Each structure stands twice: as C-alpha cells, then as structure tokens.
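Single-structure report; data block below.
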Ligand code: GLN
C-alpha cells in the first residue's frame, strides 16, 4: 500500500519537445533523493494502445521495459534518472484507457448507464494511475501528461488531474507547468505572452499551476519572471528557469539550486531532507571535461530525427563519461549511402567507430550492408544492435561465405540463403501490436569469448529484446569456420551475440543493451565499444 500518495502532474505549454520528460524525471529524482519512494508515469494522449506500432519519425524511439512494454521514450528518461525499472503500466495512453472502458461496457459493468468521458473515462484514468502507485507502494507519483495544453486529446487527462486535486486536496496534488519562453533574435528580449496564454488555458479548465518551469535559451530575466508571476497567478519564487544545457543530468542540479526541492516539500507537506546530488554533479563535471573525444558513425535510416535512437545516444555517453571520453556523433543516413551522397570510404579515416543501428524493413538496407563491409575490411570498431547484427550477418554471408544472394527473410522472403529468418515463435503471427519477442530475456554467454569478458565472466545475462527475426543456426558452422563466432545464445539455442576474431572490435547483439544503461551504471557492451574506438590508431 502507498504510504503518502502524493501526485505531481507535469504539463506542457506553447509547443511540444520542450523536454517535459527531463523536467518530470528531474522532479522525481529530487524527491527520490530525499528518501521517498517515487514512481513516474507517462500519459500519451494518442489513440494507439502503445508506441510499438509507431514509426520513430512520429514519436522518437520505442523504449522497451523489462516486462516487454513498448513505451514512450520518456519512460527511458525516468529509468535513467531514477535508476529503477518501470513497467508497461507506467505508460498510459488514450488507446489503453478506451480499450478497458469499452471492454467493461461490453461485459455489462455499466449496465443501464450512458458511458461518458466524465465520469467513466476520467475514472478509468484515475484508476490506472492508482494501480501503478499501489503496485510500487510509492510515496509520490510524478505524472507527465504528453502533448501541449490546448490539445483536444489531452483534455480527459487534464480533467482527471483536476478531479484528483479536488478529491485529494492541494497538499496531495501539485501541478507543474513547463513552458517555452522564446527570445526574439531581433530584440534579444524574452517573450512571456505564449506562456501567459498557456497558463490561462489551464485555468480555463480548472487547473492553477503551482510551479512553473520556463524553458529558454538564456536564464530567465527578472522582468520575464515578474510578468510570468503576475499573469500566471503564482509567486516569483515558484517560477524556475531551465535554460538549455549541454547535458540533461544538469537539469535537476539547476532546479535544486533555485530551490525547487524545498518548494515541492512545502507544497506537498513532505519533510525536507537535503538531497545528496554529488554523484550527478560529478557526472556532469566528467561529461563536460572529457580527456579525449571519439567520432562515432551512427548508421541508420531514421537519422534525421536523432530521438529515434535516444537510448543508444545516452548509452554511448554514459559509457564515454565513465571513461572520460566524449563521443561525437556522425550521422550516416543509409539511404544517402545508397544514393552515393555519402562515400563510405571517406568514413574510414573520419570515424573511430561505428554503430549499426536497429530498424525494420527494406529502406536503407543495402546502404547499411555496404557500410558494414567497408568498415569491417578497414578494421574500424563496429557494434551492431538488433537489425544491425542481422545485417552484419547478411554482409558476412555475402562477402566472406560467397553467398551473394543471402538475406534476411524480412527483406527478401524468397532468398535461397535465409541467414536471418523469422523466429519460430513468430510463425503464424498476424497481429502487429505487442507481438514481437519482447522484454528482458536470458542470454547464455560462451566462456572465453569477448562478450563473456565484457560481461565480467558472467554465465548468463539478461537484456531487453524487441525483434521477430533471428540468426539462422543452420549457417552458424560456416560462419564460425571463418572466425565469425557466436558468443551468446538464447536458452532455445539461437545465436544472440556474434563477434569476429582477429578484429579490433566487431560485435553484434540481438538485444538492446542501451535500454539498461544508466548514467551512473553504464552498459558494459557500450563501454567496451567506446574503449575500443578511443584506442584506435588515430588516437
Ligand atoms: N527488424 C528486425 C527484427 O524484427 C530487427 C528489429 C530491431 O532492430 N529492433 O528482428
């Protein structure tokens, strides 16, 4: 049972992409650092049941939880800031709420009633929030409502939040609003009008923000703060400046330095305990003062929206920071390689390592395969993740085994050499939502291999998965005879990790180690890769 049950809602105004998730995660971290148990919930007002069926260009990466939830990327921020594992229940969508309400209606739970947004949908929203709080027994839940205040989709969630405040009282429910305060380049002045309107819109639906976090390119001026206070109807001491930073883990430090932790405790009736944020300060210091830099090619097909690969970027930075190495990313759009816009040979001298990124479907595949070939032959450290590993396998079959039409059946179902093929568990699966091989699953390591050393000699490790295809074990012998060996297997016996002997670093994983990387506890796979890249001959 929850002991305190306090709720902090985080809403956003003016426009999306303001870093609401980072603000919510920072608030959760500050409360956790005082010794309270905290959980974090992301509400996504879209009608999809989960993020799994969405193109990354729509919403950034799909973050996979331990229990196999395909969730919004903000869940990744929460896990990294709080250093806890969350579940699929921590991501609530309109799709989830409506499917439950409609199921209940069909079952006859509301017999005789007209089923309405208020109270039935709003009750279900409050119920699902409550289920999460109860499941973890959390003192405090930080609940981020996605989108922007004023969106039609978000209204039932804001209404549920308003009701919760009415039911539980202001000492139990706090509203934080995150707004953009733009700076006009012509005048150099911070403009508060859009933020004023957004707060007005919130008040129109019955929500008065208690705390305002202002995102801006420069620190908030006194004048801007005065206006936000007056028109937002909240004291200047409850307005926090959150200017752009180099590293997101600086945000909680900045908010704390301005007194946010104290305001949160006063408003929620919590005991103030001076939080120890020194590990975070140390992380920021190390990140900001690297001893070396490495250039990492990021080879994928969603490279025009780098949020598509957020957890991988974060994981590379976590590992880099632990080694005092700053990774600089060179984005390689695979379709540009196919069109000849990028010449892969130029990469050989201009990068220290490359990541072949995860993905689905045909677009960009040949570009990735030709990139892999050139980098493998040139001895550039290379890490393949999921689809990246699968294409490393296709490339090797084609170039080294001489099977020129080898392929994954995902791209060519008719290939005579299906070196990557549909998982047997997936055969006959037609429904696309939530049906991949998902979540944390055991991987057995082969002693004395590189992978085994990377994981410190562990017998079995658990990593998160999201795939339908696998390396076809029928070809394994041929690969291994050519030094491309499997160093990890699923318990069912298919290869999960492949590595090339006699190469500086050439390793691919079927799983996604990025989802388990934490700033203060980086993933060993990424650390080994950054280490190999930063000890390249050009350094
Ligand atoms: N498309 C591949 C599969 O389904 C790889 C998935 C991924 O990269 N996450 O197996």
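The values are calculated or read from the model by the stated rules, or taken from the named source; none is laboratory data. A quick note: this is a predicted structure, and the numbers were derived from the prediction, not measured. No Cβ is skipped: glycine too gets one built from the backbone with ideal geometry, and neighbour counts run over all protein chains shown.
Identify the single condition in (1) more than 24 Å from residue 46 (Cβ to Cβ); (2) at pLDDT 95 or above that residue 110 does not satisfy, given that it satisfies every other one.
(2)
Within region 438-452, can you find the residues that are closer than 15 Å to residue 489 by Cα and either in contact with a strand residue (DSSP E or B) (Cβ under 6 Å, 6 or more places away or on another chain) or part of a helix (DSSP H, G or I) (or both)?
440, 441, 442, 443, 444, 445, 446, 449, 450, 451, 452
Within region 315-350, work out how many residues are under 25 Å from the mean Cα position of the chain (by Cα) and surrounded by 22 or more Cβ atoms within 10 Å (Cβ to Cβ).
11
Does residue 437 satisfy being modelled with pLDDT under 95, within 14 Å of the ligand (Cβ to nearest atom), on the phi < 0 side of the Ramachandran plot and under 30 Å from the mean Cα position of the chain (by Cα)?
yes
Among the residues of region 463-487, how many are away from the ligand (no atom under 16 Å from the Cβ) and part of a strand (DSSP E or B)?
4
Which residue out of 397, 378 is farther than 25 Å from residue 350 by Cα and more than 13 Å from the ligand (Cβ to nearest atom)?
After applying the criteria, what remains is 397.
In region 503-510, is there at least one residue being away from the ligand (no atom under 16 Å from the Cβ), farther than 30 Å from residue 85 by Cβ, at pLDDT 95 or above and in contact with a strand residue (DSSP E or B) (Cβ under 7 Å, 6 or more places away or on another chain)?
Scanning region 503-510 turns up at least one residue that is away from the ligand (no atom under 16 Å from the Cβ), farther than 30 Å from residue 85 by Cβ, at pLDDT 95 or above and in contact with a strand residue (DSSP E or B) (Cβ under 7 Å, 6 or more places away or on another chain).
Here is a list: 411, 460. Which entry is within 13 Å of the ligand (Cβ to nearest atom) and under 27 Å from the mean Cα position of the chain (by Cα)?
Step by step, each of 411, 460 is checked, and only 411 is within 13 Å of the ligand (Cβ to nearest atom) and under 27 Å from the mean Cα position of the chain (by Cα).
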